[in-house]
Amino acid sequence: MGKNILKITAGLIFFIFLTGFFGAKGDTPAEKRRAINKMRLATLADLYKVAPYAREEIRRAEGYAVFSNVGLNVFLISTGNGYGVAHDNRTGKDIYMRMLSGGVGVGFGVKDFRGIFVFYNRNAFNEFVNHGWTAHGQADAAAKLSDKGAAASAAIEIAPGVRLYQLTENGVAAQATIQGTKYWKDDELN
């Protein structure tokens, strides 16, 4: 019994230690913004490879946000920490942001994924970037990829006027989970 408690404690310490260090690379705000913009371009390029129709969806939207997230699950506790940028298509302005998630779930592992939010609703975009956003629910949907071109969609609607794509090493994730996730402006980078 004592060894199990020691293992759990060591795992939690490891977990907390790691989650505090996942952020944009760079020593200065300018270097961090460059790293985030590079991540955004690479993520969008990957998205357009697996879902070419997403390019037009993003072009027509009020705005979009791209996030890099590393999630850890140690025994019964899970967390994620990430960074990203929201882009206002109307003004061309970039808003740099942070994210943090937490929850419970059995397992052990690390998951690196990218999330692309597409905002079709101006109020939803403004609420997201100006007041942050806390996702309390969980959105699950099977990604339906087919050979029907633009008729296929790998995104899920997570709120009225807001869709989410999640990319993993294997392409589009078949499940999108945003349970217990908080998004907010990064004061250092804006």
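The values are calculated or read from the model by the stated rules, or taken from the named source; none is laboratory data. For clarity, every value in this text was computed on a predicted model and none was experimentally measured. Note: ideal-geometry Cβ built from the backbone for every residue, glycine included; neighbour counts use all protein chains shown.
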- [ ] Within segment 14-47, count every residue that is surrounded by fewer than 13 Cβ atoms within 10 Å (Cβ to Cβ), within 22 Å of N190 (Cβ to Cβ) and modelled with pLDDT of 90 or more.
- [x] 5
Task: Residues of segment 27-47 satisfying the condition of being within 17 Å of F67 (Cβ to Cβ) and free of Cβ contacts under 8 Å to residues at least 12 places away in the same chain - done: R34, A35, K38, L41, A42, A45
TODO: Report those strands (runs of 3 or more DSSP E) wholly inside segment 48-146 carrying at least 3 residues which are modelled with pLDDT of 85 or more.
DONE: 63-88, 94-119
Task: Any pair with Cβ under 7 angstrom, 6 or more apart, that starts in segment 118-132 at a residue that is under 12 Å from W184 (Cα atoms) and ends at one that is among the aromatic types (F, W, Y) - done: E127/W133; F128/F119; F128/Y183; G132/Y183; G132/W184
